[in-house]
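So the structure is just underneath, and the comments pick up after that.
Read-outs throughout are calculated quantities, based only on the coordinates presented, and are distinct from any laboratory measurement. Because the structure is predicted, anything quoted here is derived from the model rather than measured. Note that each Cβ is placed from the backbone with ideal geometry, even for glycine, and that neighbours are counted across all protein chains shown.
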Amino acid sequence: MIEERRPTILTHDARTVTEEALIVCRCEEISKAEIQAAIAAGCDSVIWVKRKTRAGMGLCQGRTCGRLVARIISEETGQNPADVLPDTQRPPLRPIPLEILALDQRPDFEERDEP
């Protein structure tokens with residue numbers, strides 16, 4: 001069952017966003033409140049928050065929101081920021097167009113006779 005996304009909760013002047021409604025993961029539109037709820041449910045690392053909320057599964061693969069999620073975990077759990085387990089990085093480390101993979105462009109390494 002896919003959870004329906006809610007519109008951003010605005011304050012009375014419609015120019016500022018409440019702290020809980022701040023979007024942490026822009027790719028997947030995950031709010032700070034959703035991250036905090038995952039932490040309250042027992043997620044104590046970036047990997048577990050990612051599994052629970054999908055924060056870090058978007059186009060940027062957590063390069064934009066990963067450190068912010070780690071900071072929220074640190075604040076909510078009282079952990080030392082250095083002790084919060086980061087997400088595992090998987091290839092590709094940067095988004096690449098599928099055309100490059102489809103063309104299978106590999107450098108042509110020819111054996112060269114060097115004196």
For the stretch 19-103, the percent of all C-alpha pairs falling in each 10 Å bin, from 0 up to the bin holding the max distance, is 19, 50, 21, 8, 2
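Using R₀ = 35 Å, calculate the FRET efficiency as 1/(1 + (r/R₀)^6) where r is the Cβ-Cβ separation of Ile96 and Leu22; round to 0.05. Please report the intermediate quantities before stating the final value.
Working: r = 30 Å, r/R0 = 0.86.
About 0.70, to the nearest 0.05.
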